[in-house]
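The values are calculated or read from the model by the stated rules, or taken from the named source; none is laboratory data. Keep in mind the model is a prediction, meaning the values are calculated, not measured. Reconstructed Cβ throughout: ideal geometry from the backbone, glycine too, with neighbour counts over all protein chains shown. The accessibility values were calculated without ligands, DNA or RNA, using every heavy atom of the protein model including side chains. Shrake-Rupley method; radii C 1.70, N 1.55, O 1.52, S 1.80 Å.
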There are 2 protein chains.
Amino acid sequence: MASPGSGFWPFGAEEGSAASESPGTARAWCQVAQKFTGGIGNKLCALLYGDAEKPVETGARAAPGATETRPACTCDKKPCGCQKAEVNYAFLHSTDLLPACDGEITTMSFLQDVVDILLQYVVKSFDRSTKVIDFHYPNELLQEYNWELADQPQTLEEILLNCRTTLKYAIKTGHPRYFNQLSTGLDMVGLAADWLTSTANTNMFTYEIAPVFVLLEYVTLRKMREMVGWPGGCGDGIFSPGGAISNMYAMLIARFKMFPEVKEKGMAAIPRLVAFTSEHSHFSVKKGAAALGIGTDSVILIRCDERGKMIPSDLERRILEAKQKGFVPFLVSATAGTTVYGAFDPLIAIADICKKYKIWMHVDGAWGGGLLMSRKHKWKLNGVERANSVTWNPHKMMGVPLQCSALLVREEGLMQSCNQMHASYLFQQDKHYDLSYDTGDKALQCGRHVDVFKLWLMWRAKGTTGFEAQIDKCLELAEYLYNKIKNREGYEMVFDGKPQHTNVCFWYIPPSLRGMEDNEEKMSRLMKVAPVIKARMMEYGTTMVSYQPLGDKVNFFRMVISNPAATHQDIDFLIDEIERLGQDL
Amino acid sequence: MASPGSGFWPFGAEEGSAASESPGTARAWCQVAQKFTGGIGNKLCALLYGDAEKPVETGARAAPGATETRPACTCDKKPCGCQKAEVNYAFLHSTDLLPACDGEITTMSFLQDVVDILLQYVVKSFDRSTKVIDFHYPNELLQEYNWELADQPQTLEEILLNCRTTLKYAIKTGHPRYFNQLSTGLDMVGLAADWLTSTANTNMFTYEIAPVFVLLEYVTLRKMREMVGWPGGCGDGIFSPGGAISNMYAMLIARFKMFPEVKEKGMAAIPRLVAFTSEHSHFSVKKGAAALGIGTDSVILIRCDERGKMIPSDLERRILEAKQKGFVPFLVSATAGTTVYGAFDPLIAIADICKKYKIWMHVDGAWGGGLLMSRKHKWKLNGVERANSVTWNPHKMMGVPLQCSALLVREEGLMQSCNQMHASYLFQQDKHYDLSYDTGDKALQCGRHVDVFKLWLMWRAKGTTGFEAQIDKCLELAEYLYNKIKNREGYEMVFDGKPQHTNVCFWYIPPSLRGMEDNEEKMSRLMKVAPVIKARMMEYGTTMVSYQPLGDKVNFFRMVISNPAATHQDIDFLIDEIERLGQDL
């Protein structure tokens, strides 16, 4: 295994390691690791001993015990050459890789070395003794390394170094203490599937060039519609580049359903439309309205109760008001799992109103849709089966790698009519196979990335019950956190009662603010607490959790759990860390 | 290396192999391969000998010569265990992988086995003796394997089998004889970068969670703007999910620039807009107009000359006509590299007209943008530096893995004003770092996949000069094809003269139609020729090339070359294959 010379290695000894705490275990574990192929055993051992800078087999800086405990290889040369190819990347360039003549060995070796770097990163991602982030300010990071693009090629040695450097400064989004976003965790089967997707490197527009992936999209979307509760899984759908685009699709299709002439004639030909969503809904509803030429003023925000759920009576009132003004209500976007509170809008009551006024009902379940996998929690989405369309992002609560977002539509054929443009160079009508599998023309995109395979393979690997267990565990952890802090000194909950999703919203009140009256001074000081603690978390690199203000509530922490790697100990750690970093404020 | 038991292997002996043609070379090559780590050497050897069903090291069905010619390992046990870990996947599930306690070894072993499958696929992709596609009709493919999703988990053995099966039926888009789309080829550095991107598994919305990738997007977009010719690379931009969305962004921003009130008030508040593009332009311009509420009727198609280039005088005439009707021209979308003919619109003349009438000039260089990397060919885009926005898809002519599309905008800040919604939970204004790096709010998407890294790493590996060489080579090959068929019996060119891009459009005239008058009968028979040849190509799996009708021209082949793996021999092969498959028609 060639060692790109610079000695620049992402997993330095300074971070410490689990093994250094118990060298006996490490040694036993290293013995097992040595059975492993691809030089990985050596690297794992080195890692365990807190020194991965040089692979063991180079003979330099060998991890203690690594060579003498290597049980599998009994050849007489030490270090033996049987486990490595001598490739000196310092003299090689990308032009030496395939499709170069005789490029196979160099290519396999190069890709294997990249994989070794990635596998180490994966192992480190789950290691609590490593940092979640090695934070650098943007200007620092720009100066830390030369990131510029040049006329001349770099060597493959430099390319491997680029990979290591990139990962050194990356956030370990799979780390058990990374709670910053709705999408966290790193699923091993999902990762494998994404590597395969990259290798297959194709495009979803036709069956012709993505036969398996097109079928898997068909199978997977049907299964998701079954989970939503549409009979036989009937309907339509697509994997789109994220929840915001899925929501935009819903708005686009709802408009087309009511006024199909809009496709040719534009908004000029139809009455003024209005859409409704809650004041806690995701900003993409407004973003979509701006893009589609509807305008953000035509998105009416419905009031929420103190738990962040849309109030149906306010929805009805605002619908009537809009109608009186001569506007045409065409869409209600209910939210199943709001971004900040994790609230579930009352879907049954909303469905009744939509039915009464003949309005398209969309459910934005980007975050909460995952709960449909759980027999214990899916009641929170009761009524979703009455929706006309549903956004559901498996890349959030189900832990599928980014990105994977589905829009599901109850009525079949509508997406196609809405979006098709009949490009004859792509969707030829005289092909020799069943053209219903050429689904590209129902998309807004022309080329479309393969997002389905990672979800499909994870579903095969876990089964529905596996997703259920994973999701139930995250919700249980959120409840654990809630129970732990609800009456704890120095904490105040943003809303009362057990969280419905894994969102736990709270203020940490430093000792200096405790007992103060809730006046302006306290609020202006409290407002600064979460940002400072967060900045310190990032500088220490120990954990990451999000914060934000909401309405008249000053900055509070929004804890979310979607990473199956998290445990009770990680929740305990988070609380201790917030107190450690915030007690002097 | 555990061998998932079923004997189901994607690269069966029935496809033949290069090695079986020259066993001496294969043996020498195998000797080299044996130096390789990870059991890959054995698999490569087995592959060379046309029998990859069982890895050599199991001792069963060893490839002839493989064990005795293995020079690197000198240990005394045969087969020796030093190169494999004994992991029996038949009893393991995804729950045994990380983050499971003691999941490291199983995880590394599993991911390594996936990588072995992928590496074999990669090597096969470049092997001309393998099929481009193992075609099955949709219903056949659905029955060939059980693709369904179930409640219960599968074992890791089954998961590996799923991976092999998926690749067995995949199109080898990197195959030197795959010419079907504008995106072909499989770049090894790009692939490595995409694997790294999957492993880092993050999201582009903030610097906080994607520090390196955000900086690399900044560096790369600036460099691309420099290549476009904007002074100092100034301006704005974003990587979007494909060229259609990039074009839609351009339309959205152009509208906002002229009528910023559209964001809040919608199309109802502004005059009727019209956009202009050529009749050969990409369908995404109309698709975008439909989505944005402008309407497809408001996209006016400008006539093209016989080479597929927009006629500027017709553009000016139609602008005046629209203005007379009281409509407001707001966008001209010129095309640099049309999809079918590969034509470059006359950008300087169009820029003059846009300037005269104060219309936003967009250049859709999704396909042709790559030519900016070539000193020999970039003149075809002269005038692009006068555009207000440019679409440029590195996943097409530059061979970057899918997907990678950039929208470049000359005026800075406009995208942000157009799309921002100030979500306080994501874009907190009191963070501790420079917020100009939180670029997520200028996107239509909320979450956004990391598409930049593969382009950046490839650029580092090739340098601008490497991309140039690659692109020049593809254009040279297209010219070779053109010269070879322009006067050849049985061929008729769709348009006269040397192609400007790598698009070579032609009819193959089977012997039975040669010498016939160009009457209706001939056309109705000629129309069927390309579809039948294409269907036969797919059934034999030997090559793939696209065809389509255009205007009054019946189905013709559109050959494009963007794969650096293609050679003169592959072009010769294509011609021979068309003649072989079409001579009886």
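Mind checking which residues of segment A:381-402 are away from chain B (no Cβ under 14 Å), assigned to a loop (DSSP other than H, G, I, E, B) and in contact with a strand residue (DSSP E or B) (Cβ under 8 Å, 6 or more places away or on another chain)?
A:387, A:388
Assuming residue A:154 fulfils every condition listed in (1) under 30 Å from residue B:468 (Cα atoms); (2) at the interface with another protein chain (Cβ under 8 Å from one of its Cβ atoms); (3) open to solvent by less than 20 Å² (accessible area, probe 1.4 Å) apart from one, which condition is it?
Looking at each condition in turn, residue A:154 falls short on (3).
Quickly run through segment A:550-581 and pick out the residues that are within 26 Å of residue A:306 (Cβ to Cβ) and in contact with a helix residue (DSSP H, G or I) (Cβ under 7 Å, 6 or more places away or on another chain). Let's see the steps before the verdict.
Our first condition is that a residue be within 26 Å of residue A:306 (Cβ to Cβ); within segment A:550-581, this holds for A:550-562, A:571, A:574-575, A:578.
Of everything in segment A:550-581, those that are within 26 Å of residue A:306 (Cβ to Cβ) and in contact with a helix residue (DSSP H, G or I) (Cβ under 7 Å, 6 or more places away or on another chain) turn out to be A:554, A:555, A:556, A:557, A:559, A:561, A:562, A:571, A:575, A:578.
Only one of B:258, B:267 is over 28 Å from the mean Cα position of the chain (by Cα) and free of Cβ contacts under 8 Å to residues at least 60 places away in the same chain; which?
B:267
So residue A:582 ticks every box in (1) open to solvent by less than 60 Å² (accessible area, probe 1.4 Å); (2) out of contact with any Gly (no Cβ under 9 Å at 6 or more places or on another chain); (3) away from chain B (no Cβ under 13 Å); (4) touching a residue at least 40 places away in the same chain (Cβ under 8 Å) but one. Which box is left unticked?
(2)
How many of the residues making up segment A:558-575 are under 26 Å from residue A:400 (Cβ atoms) and either touching a Phe, Trp or Tyr at 6+ places or on another chain (Cβ under 9 Å) or among the small types (Gly, Ala, Ser) (or both)?
The total comes to 12.
Name the single residue that is surrounded by the most Cβ atoms within 10 Å (Cβ to Cβ) among those in segment B:86-106 being within 9 Å of chain A (Cβ to nearest Cβ) and in contact with a Pro (Cβ under 9 Å, 6 or more places away or on another chain).
B:94
Considering segment B:249-308 alone, what residues qualify as being facing chain A (nearest Cβ under 9 Å), assigned to a helix (DSSP H, G or I) and of a type in the set (D, E, K, R)?
Correct list: B:255, B:263, B:264, B:265, B:286, B:287, B:297.
Would you check if there is a residue in segment A:498-507 being out of contact with any Ser or Thr (no Cβ under 8 Å at 6 or more places or on another chain), within 13 Å of another protein chain (Cβ to nearest Cβ) and at positive phi?
no
Mind counting the residues in segment A:215-233 that are more than 8 Å from chain B (Cβ to nearest Cβ), in contact (Cβ under 8 Å) with a residue 24 or more places away in the chain and in contact with a helix residue (DSSP H, G or I) (Cβ under 7 Å, 6 or more places away or on another chain)?
Initially, segment A:215-233 is screened for residues more than 8 Å from chain B (Cβ to nearest Cβ), giving A:217-218, A:221-222, A:224-233.
Subset that is in contact (Cβ under 8 Å) with a residue 24 or more places away in the chain: A:217-218, A:221, A:224-225, A:227-230.
Those left that are additionally in contact with a helix residue (DSSP H, G or I) (Cβ under 7 Å, 6 or more places away or on another chain): A:217, A:225, A:227-230.
Summing the residues that are more than 8 Å from chain B (Cβ to nearest Cβ), in contact (Cβ under 8 Å) with a residue 24 or more places away in the chain and in contact with a helix residue (DSSP H, G or I) (Cβ under 7 Å, 6 or more places away or on another chain) in segment A:215-233 gives 6.
Going through segment B:210-234 one residue at a time, which ones are in a loop (DSSP other than H, G, I, E, B) and surrounded by 24 or more Cβ atoms within 10 Å (Cβ to Cβ)?
Residue satisfying the conditions is B:210 alone.
Of all residues in segment B:489-521, which are more than 24 Å from residue B:345 (Cα to Cα), outside any strand (DSSP E or B) and in contact (Cβ under 8 Å) with a residue 12 or more places away in the chain?
Within segment B:489-521, B:489, B:490, B:509, B:510, B:511, B:512, B:513, B:514 qualify.
What do you reckon, is residue B:126 more than 28 Å from residue A:463 (Cα to Cα), within 7 Å of chain A (Cβ to nearest Cβ) and surrounded by fewer than 23 Cβ atoms within 10 Å (Cβ to Cβ)?
Answer is yes for this residue.
All but one of (1) free of Cβ contacts under 8 Å to residues at least 24 places away in the same chain; (2) over 30 Å from residue A:153 (Cβ atoms); (3) within 13 Å of chain A (Cβ to nearest Cβ) hold for residue B:465, so report the exception by its number.
(2)
Tell me which residues, restricted to segment A:235-248, are in contact with a Leu (Cβ under 6 Å, 6 or more places away or on another chain) and in a strand (DSSP E or B).
A:237, A:238, A:240 - these are the residues of segment A:235-248 that are in contact with a Leu (Cβ under 6 Å, 6 or more places away or on another chain) and in a strand (DSSP E or B).
Kindly provide the set of residues from segment B:405-462 that are small (Gly, Ala, Ser), over 24 Å from the mean Cα position of the chain (by Cα) and part of a loop (DSSP other than H, G, I, E, B), ordered by number. Before you say what the answer is, go through the steps one by one.
Step one: filter segment B:405-462 for residues small (Gly, Ala, Ser), giving B:405-406, B:413, B:417, B:423-424, B:436, B:440, B:443, B:447, B:461.
Still in the list and also over 24 Å from the mean Cα position of the chain (by Cα): B:413, B:417, B:423-424, B:436, B:440.
Listed by number, the residues that qualify are B:413, B:423, B:424.
Of the residues in segment B:404-463, how many are in contact with a helix residue (DSSP H, G or I) (Cβ under 6 Å, 6 or more places away or on another chain) and on the phi > 0 side of the Ramachandran plot?
Summing the residues that are in contact with a helix residue (DSSP H, G or I) (Cβ under 6 Å, 6 or more places away or on another chain) and on the phi > 0 side of the Ramachandran plot in segment B:404-463 gives 0.
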